[in-house]
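To start, the structure under review is shown below, and the notes come after it.
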Amino acid sequence: MGGVEDDEPASKRMKLSSGELRGLSNGSAFTEPIAGSSRDLMARPLPSEGDEDVIGPKGVIKRVEFVRIIAKALYSLGYNKSGAHLEEESGIPLQSSVVNLFMQQILDGNWDESVATLPNIGLLDESVIKSASFLILEQKFFEFLDGEKVMDALKTLRTEIAPLRINNNRVRELSSCLVSPSHCGFVGSPRRDIVRAKSRSKLLEELQKLLPPTIMIPERRLEHLVEQALILQREACTFHNSSDKDMSLYTDHHCGRDQIPSRTLQILKDHTDEVWFLKFSHNGKYLASSSNDRSAIIWEVDANGGVTLKHKLSGHQKSVSCVSWSSDDHQLLTCGVEEAVRRWDVSSGDCLHVYEKVGVGLVSCSWHPNGKWIFSGVNDKSICMWELDGNEIECLKGQRTLKISDLEVTSNGKLIISMCKESAILLLDREERVERFIEEDQTITSFSLSRDNRFLLVNLLNQEIHLWNIEGDIKLVAQYKGHKRTRFVIRSCFGGLEQAFIASGSEDSQVYLWHRGSCELIEALSGHSGAVNCVSWNPTNPHMLASGSDDRTIRIWGLKDLNVKRKDGQSNGIHYCNGGT
């Protein structure tokens, strides 16, 4: 039996030239005309396959594999003549002739012949043969249905597909298509390809995933190998902090220390007392700071990386302990120490609302990502949720937070994160009402959430910073040491390209930087004259870092080389390296 008959002439229906066949996504290729049956074409080793012919200085690359992968890449790129020439000159075919026969049988819809050819292409695993046969016969079944040959489809299901005794759930789905073809999700729907040549090529792609790579080389294999090499070089580069798009294949990749912000570009002196908290906006265009002087400041970052004062926010009766940006960066929350939370308009600097509770003080603040609700920690250890107009929606009672605690909400709004005990952090799933905990042996002083919501950076009393993976099972994955902390709350943050670095303040007046993956301390930045309480890395500029200190100043750190240019021609300290130091 062959495939379903078509109304189109056979020459127009499916017979493709060898060049067209090479251009298919499966990367097949002909090196000679195909004739005869599959019995005449039992799979034989490819020329030179199995010998020890290797290339490269390390002697680990097999010539046959190398040539076949290059040929595969040429065909995938559309260079069919070059691919065919490589096969001819090297004497190494991309695939054996029996594999090419099998592929042509699929494209021609010769289903019975292709099933018969399967055992001859070098498959030894009976389960793989059965699975491949199932896919082929399923295509045969659907094409019968498309041609309104219901009885032929039924016969295929009963006598060919069902006897394979695999994928019983799928067999039941196929049976339902016989009962009601018009409602079958696989027939006559937009998900089904109307052009059979296209659907058959997709079948080949599915078969390719089942077959061993020695028989049919995986699609885009060369690109995958090259990407792996680049990624490994990037991960091995301690100072990598530049655009991946500018990594080159021409040289081995290596970044120098000049990629790390280590030079003071600006000193901001508008606070009149200790600077306690810093946070860049999500779009990197603003920086917010809060201080013991009872004020907060919104700073504007211009296109050249310069920072200027936009608004000084006054109104708190006590020191301002923290700030939080709305997801669209149009509004800012500030929290006074055991006092009130204020909501500000970033554009005008106007105070839009004051949130407070009688008899208690608010100690922390954070936005829900929808921008319609805010959260605040309360000094009675509860966490409250408010609408923007001040209407209290919910109050989570119990041991939910501490008087000195950070408060974070994940970007999907699902988790509320807060210090619930001196040595424990609560991860509260609001929807499921499920509580999980990070438990430390030491007192926790602060924490910071990664941009992807997967990791939490925890500062401890014993001068260590711990990195916890909070996705799924909670586990400690890294520890960072070297900074000083004896009396004050010191904050750390993620930063750099893909948040590959960790930054922290320190009581010895320095800013400490570690490589996140290796935990290697790579810089200790001097300049402040008092304890550095907080740091913030610009999320859109990996070469801009801010630090706030007891010396009442904020330092903006950038690259030492200021003569580099952005791609838009503006200078802001961004350097795109291309394999050099």
| message | Taking the conditions exactly as written (over 27 Å from L497 (Cβ atoms) and small (G, A, S)), does A424 satisfy them or not? | response | yes
| query | Is it the case that some residue within segment 244-260 is of a type in the set (S, T, Y), more than 29 Å from P369 (Cβ to Cβ), open to solvent by less than 20 Å² (accessible area, probe 1.4 Å) and part of a loop (DSSP other than H, G, I, E, B)? | reply | yes
| query | Given the structure, is L178 open to solvent by less than 50 Å² (accessible area, probe 1.4 Å), at pLDDT 90 or above and not in a loop (DSSP other than H, G, I, E, B)? | reply | no
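How many residues does segment 374-398 contain that are in contact with a Gly (Cβ under 6 Å, 6 or more places away or on another chain) and not hydrophobic (A, V, I, L, M, F, W, C)?
Matching residues across segment 374-398 total 1.
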| field | Answer from L230, L204, L211 - the residue that is closer than 26 Å to V64 by Cα, in contact with a His (Cβ under 9 Å, 6 or more places away or on another chain) and open to solvent by less than 60 Å² (accessible area, probe 1.4 Å) | value | L230
| said: E223 - would you say it is open to solvent by 40 Å² or more (accessible area, probe 1.4 Å), charged (D, E, K, R) and within 26 Å of W325 (Cβ to Cβ)? | reply: no
| request: Give the residue, chosen from K312, K318, K269, that is under 25 Å from K357 (Cβ atoms) and open to solvent by 70 Å² or more (accessible area, probe 1.4 Å). | output: K318
| said: Quick test for you: out of E392, E408, E387, pick the one residue that is in contact with a Leu (Cβ under 7 Å, 6 or more places away or on another chain) and either open to solvent by 40 Å² or more (accessible area, probe 1.4 Å) or under 20 Å from D293 (Cα atoms) (or both). | reply: E408
| Pair list, Cβ < 9 Å and 6+ apart or interchain, from segment 239-250 residues that are over 13 Å from L559 (Cα atoms) and assigned by the TED database to the domain that holds S262 to residues that are among the β-branched types (V, I, T) and surrounded by 12 or more Cβ atoms within 10 Å (Cβ to Cβ) | none
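Taking the options S327, S376, name whichever one is assigned by the TED database to the domain that holds S281, assigned to a strand (DSSP E or B), touching a residue at least 12 places away in the same chain (Cβ under 8 Å) and polar (S, T, N, Q).
Sole residue among the options that is assigned by the TED database to the domain that holds S281, assigned to a strand (DSSP E or B), touching a residue at least 12 places away in the same chain (Cβ under 8 Å) and polar (S, T, N, Q): S376.
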| request: Find the strands (runs of 3 or more DSSP E) located wholly in segment 468-581 whose residues include 3 or more that are open to solvent by 70 Å² or more (accessible area, probe 1.4 Å), assigned by the TED database to the domain that holds R294 and at pLDDT 95 or above, and list them. | output: 475-481
| task | Those residues that are open to solvent by 10 Å² or more (accessible area, probe 1.4 Å) and assigned to a strand (DSSP E or B), I need them from segment 285-303; list them, please. | result | Y286, E300, V301
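The values are calculated or read from the model by the stated rules, or taken from the named source; none is laboratory data. Just so you know, these numbers come straight off a predicted model, no measurement behind them. Note that each Cβ is placed from the backbone with ideal geometry, even for glycine, and that neighbours are counted across all protein chains shown. The area values use the complete protein model at the heavy-atom level, side chains included, leaving out ligands, DNA and RNA. Shrake-Rupley method; radii C 1.70, N 1.55, O 1.52, S 1.80 Å.
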